[in-house]
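Q: Input: one structure, supplied below.
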Amino acid sequence: PVSAEKAMVCFGSMFVELPKAKTREMLRQDQEELDQEINNLRKELRVKVNRLYEAQGKPELKGFNLNPMSAEEMKLINRILEG
């Protein structure tokens, strides 16, 4: 049994018992790094797609440079729609 102060974390094929605060911080940090990597890949993809279209002699895609709304923006939109 795991105590209320610790959490079991899987690293590859090994489980390690760590303090919950440390585990939460590790997960938060990993998520931030993943989000940053995803955003960088999206930016690179836009550039590569534009180069491809340019090489094919096609016009640039319209609306391809749009950015998704943030969670805060979505909350505001939902409030407005609810009345």
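The values are calculated or read from the model by the stated rules, or taken from the named source; none is laboratory data. If you're wondering where the values come from, they're calculated on a predicted model, not measured in any experiment. We place every Cβ from the backbone using ideal geometry, glycine too, and count neighbours over all the protein chains shown. Keep in mind that these areas ignore ligands, DNA and RNA; they rest on the heavy atoms of the full protein, side chains included. Shrake-Rupley method; radii C 1.70, N 1.55, O 1.52, S 1.80 Å.
Q: Which FRET efficiency value, to the nearest 0.05, is calculated for residue 20 and residue 70 with the Förster distance at 41 angstrom and r the Cβ-Cβ distance?
A: Step by step, r from the Cβ atoms, then E = 0.90.
Q: Here's something else I'd like to know. May I ask you to list the trypsin sites (Lys or Arg not before Pro) in the stretch 8-70 that are in a DSSP loop and have at most 14 other Cβ atoms within 10 Å of their Cβ?
A: Qualifying residues, ordered by number: 62.
Q: Relative to the Cα centre, what is the charge dipole magnitude of the chain, using +1 at the beta carbon of each Lys and Arg, -1 at the beta carbon of each Asp and Glu, and rounding to the nearest 20 debye?
A: 240 debye
Q: Moving on. Could you point to the residue in 34, 9, 50 farthest towards the positive end of the stretch 1-62's charge dipole, with +1 and -1 charges on the Cβ of Lys/Arg and Asp/Glu respectively?
A: Farthest along the dipole direction, towards plus: 50.
Q: Using a Gaussian network for the chain with springs between C-alpha atoms less than 10 Å apart, which of these wobbles most: 68, 59, 19?
A: The residue that fluctuates most here is 68.
Q: Amide H of residue 7: which non-local residues (sequence gap of 5 or more, or other chain) have their own amide H closer than 5 Å, using H built in the peptide plane?
A: It is 18, 20, by chain and number.
Q: What is the ratio of the Cα radius of gyration of the chain to 2.2 N^0.38 Å, where N is its residue count, to two decimals?
A: After normalising by residue count via 2.2 N^0.38 Å, the value is 1.79.
Q: Under a point spin-label approximation (7 Å from Cα along Cα-to-Cβ), what is the residue 33-residue 51 distance to one decimal in nm?
A: According to this spin-label approximation, the distance is 2.7 nm.
Q: With every protein chain left in place, what is the accessible area per residue of the stretch 1-62 in square angstrom, probe 1.4 Å?
A: 89 Å²
Q: Given a 10 angstrom Cα cut-off, can you work out which residue in 71, 21, 55 is the most mobile in a GNM of the chain?
A: Sorting by GNM fluctuation, first place goes to 71.
Q: Follow-up. Name the residue, out of 73, 33, 44, whose mean-square fluctuation peaks in a Gaussian network model built on the chain with Cα pairs under 10 Å.
A: In the Gaussian network model the winner is 73.
Q: While we're on this one: Express the relative contact order of the stretch 1-62 as a whole percentage, based on alpha carbon pairs under 8 Å and six or more residues apart in sequence.
A: About 16 percent, as a whole number.
Q: Also: Straight-line reach from residue 43: which aspartates and glutamates have Cα under 18 Å away, leaving out those fewer than 8 places along the same chain?
A: Cα-Cα hits under 18 Å: 32, 33, 35, 54, 60.
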